[in-house]
Amino acid sequence: MKQFIAFVRKEFFHIFRDRRTMLILLGMPVVQIILFGFAITTEVKNVRVAILDPSNDVVTRRIIDRLDASEYFSVTTNLNTPDEVEKSFRRGDIDLAVIFSEQFANHVYTGDACVQLVADATDPNTATTQTGYAANIISSAGREMLPEGMQVSTIVPEVKLLYNPQMKSAYNFVPGVMGLILMLICAMMTSISIVREKETGTMEILLVSPVKPLFIILAKAVPYFVLSFVNLTTILLLSVYVLDVPVAGSLFWLIVVSLLFIFVSLALGLLISSVTRTQVAAMLASGLILMMPTMLLSGMIFPIESMPLLLQGISAVLPARWYIQAVRKLMIEGVDISLVLTEVSILAVMAVALITISFKKFKNRLEWWYDKVSDRKRIQAVAP
């Protein structure tokens with residue numbers, strides 16, 4: 001046991017002495033969580049709005065003031081003709097145009113008043129969000145202008161947003177970033193660490209030590225398990241105190257599920273290191289096989305239900321997909337652990353399968369290394 005602890009300490013010293021590794025391990029999670037929380041956002045702010053108001057009455061001015069007073073919109077241009085709308089879009093001067101019908105104030109009381117919202121739909125998601133926000137503000141301002149007790153024959157649906165009433169994009173990105181960071185750090189750094197020993201020839205030196213070969217592999221994985229837990233703590237603290245994303249459910253079960261996912265990622269890193277021979281190959285395998293599918297197919301950015309069946313099938317074998325779903329349920333929705341048993345069970349099965357395959361491959365590879373070292377010793381002993 002003392003020898004195993006000594007190997008773990010040795011690996012910690014290797015990590016702490018390499019500033020680039022420390023920067024990746026501890027700096028990347030902070031940068032990514034802040035970047036996704038603030039810079040990369042689906043919220044709309046400072047939308048440039050142009051107004052075409054042929055009636056110019058008290059009702060339209062009230063609606064325009066409400067739009068300009070909101071944090072989402074900024075009225076920058078007043079247009080005079082419909083032709084100017086398309087010209088303004090082509091020049092890139094505006095993001096949204098609001099066109100009122102003539103005699104708007106008189107038609108408000110009959111329910112015939114019309115407002116047209118024109119948006120640049122080259123980015124359909126942004127256009128949908130912009131028009132939705134503007135429609136809500138206009139509808140609310142119009143209802144306030146009606147005399148007390150007067151009703152207009154229009155149906156205004158009441159919308160209730162569960163779990164994220166303010167529609168903050170951080171609520172969506174935090175679970176995805178947690179899965180991405182833990183997957184990359186555990187899998188990529190573990191695989192590179194072991195492959196580096198093979199590439200530099202130090203693995204043969206380690207194998208002649210009295211420590212069992214599998215303990216050597218475990219000793220190299222333990223530091224990354226500990227550092228991943230540190231990263232998990234950092235992400236949760238930044239999420240709660242910087243991004244204002246609360247932990248609605250059980251913090252204990254959230255940590256337990258995260259530790260299970262870390263274990264799965266470590267097992268995946270061991271598997272990658274057993275099938276690659278160079279650090280470049282290990283890095284490419286971790287980046288291409290893990291990072292891109294995790295970002296695109298895990299539900300982090302795009303909903304899985306909207307994907308073709310083939311991509312949904314590929315998504316089902318990604319550990320990050322099930323972890324992100326579990327984190328969203330536990331952290332954002334605040335559900336009980338009993339409602340996350342499907343995701344936890346799938347991660348547990350993946351952990352057992354990956355660790356079994358990894359150890360089996362490593363056993364064969366280590367036996368080959370051990371035979372190679374033994375043959376070299378015999379040759380040196382026979383040589384004069």
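The values are calculated or read from the model by the stated rules, or taken from the named source; none is laboratory data. Source: prediction; values computed, not measured. Note: ideal-geometry Cβ built from the backbone for every residue, glycine included; neighbour counts use all protein chains shown.
Of all helices (runs of 4 or more DSSP H) completely enclosed by region 288-364, which ones contain at least 2 residues that are more than 18 Å from residue 254 (Cβ to Cβ)? It would help to see each step written out before you state the result.
Details: elements: 292-297, 309-316, 319-327.
Qualifying helices (runs of 4 or more DSSP H): 292-297, 309-316.
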_Considering only residues that are under 17 Å from the mean Cα position of the chain (by Cα) and closer than 18 Å to residue 187 by Cβ, which ones fall in region 314-325?_
315, 318, 319, 320, 321, 322, 323, 324
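Each row is one residue, and each column tells you yes or no for (1) at pLDDT below 80; (2) over 12 Å from the mean Cα position of the chain (by Cα).
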| site | (1), (2) |
| --- | --- |
| 270 | no, yes |
| 274 | yes, yes |
| 281 | no, yes |
| 287 | yes, yes |
| 294 | no, no |
| 298 | no, no |
| 302 | yes, no |
| 308 | no, yes |
| 312 | no, yes |
*Would you please list the contacts, defined by Cβ atoms under 8 Å and residues six or more apart or on different chains, that run from a residue in region 265-286 that is free of Cβ contacts under 8 Å to residues at least 24 places away in the same chain and over 16 Å from residue 183 (Cβ atoms) to a residue that is outside any loop (DSSP other than H, G, I, E, B) and of a type in the set (Gly, Ala, Ser)?*
none
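Of the residues in region 315-357, how many are among the acidic types (Asp, Glu) and surrounded by fewer than 20 Cβ atoms within 10 Å (Cβ to Cβ)? Please lay out each step first, then the result.
Let us first name the residues in region 315-357 that are among the acidic types (Asp, Glu), namely 333, 336, 343.
Subsequent filtering for residues that are surrounded by fewer than 20 Cβ atoms within 10 Å (Cβ to Cβ) retains 333, 336.
Summing the residues that are among the acidic types (Asp, Glu) and surrounded by fewer than 20 Cβ atoms within 10 Å (Cβ to Cβ) in region 315-357 gives 2.
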*Taking residue 236 and the conditions (1) touching a residue at least 40 places away in the same chain (Cβ under 8 Å); (2) buried (at least 16 other Cβ atoms within 10 Å of the Cβ), which numbered condition does it fall short on, given that it satisfies the others?*
(1)
*Exactly one of (1) under 18 Å from the mean Cα position of the chain (by Cα); (2) surrounded by fewer than 21 Cβ atoms within 10 Å (Cβ to Cβ); (3) part of a helix (DSSP H, G or I) is unmet by residue 246. Its number?*
(3)
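Residue-wise test of (1) of a type in the set (S, T, N, Q); (2) farther than 15 Å from residue 138 by Cα; (3) free of Cβ contacts under 8 Å to residues at least 12 places away in the same chain.
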position: 56; (1), (2), (3): yes, yes, yes
position: 67; (1), (2), (3): no, no, no
position: 86; (1), (2), (3): no, yes, yes
position: 117; (1), (2), (3): no, no, no
